[in-house]
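For reference, the structure discussed in these notes is given below.
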Amino acid sequence: MAVNAKKIVVFALVVFAVYAIITDPAKAADYVQIAFEGISDAAGAIGDFMTWVVDGAKN
């Protein structure tokens, strides 16, 4: 039952993404850019944290 719900949610997200791209490509590109900037910031924060841990967790 949970697998079917997951498939429905994934399908709905894909349909929404395709709709957003077709109706307003510029706005869809902005959303992608925002997502990648968020991923980049998160990766940088994880890298800073790991560096802090490797350095002995010193201030």
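The values are calculated or read from the model by the stated rules, or taken from the named source; none is laboratory data. Just so it is clear, the structure is predicted and the values come from calculations on it, not from any experiment. Positions of Cβ are backbone-derived with ideal geometry, glycine not excepted, and every protein chain shown enters the neighbour counts. Heavy atoms of the whole protein, side chains included, go into the accessibility calculation; ligands, DNA and RNA do not. Shrake-Rupley method; radii C 1.70, N 1.55, O 1.52, S 1.80 Å.
The table below lists the values:
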item	result
Those residues of the range 23-47 which are under 30 Å from A57 (Cα atoms), open to solvent by less than 100 Å² (accessible area, probe 1.4 Å) and either of a type outside the set (A, V, I, L, M) or outside any helix (DSSP H, G or I) (or both), in sequence order	E37, G38, S40, G44, G47
A20 open to solvent by less than 100 Å² (accessible area, probe 1.4 Å) and either in contact (Cβ under 8 Å) with a residue 60 or more places away in the chain or not in a helix (DSSP H, G or I) (or both)	no
K7 being assigned to a loop (DSSP other than H, G, I, E, B), open to solvent by 100 Å² or more (accessible area, probe 1.4 Å) and at pLDDT below 95	no
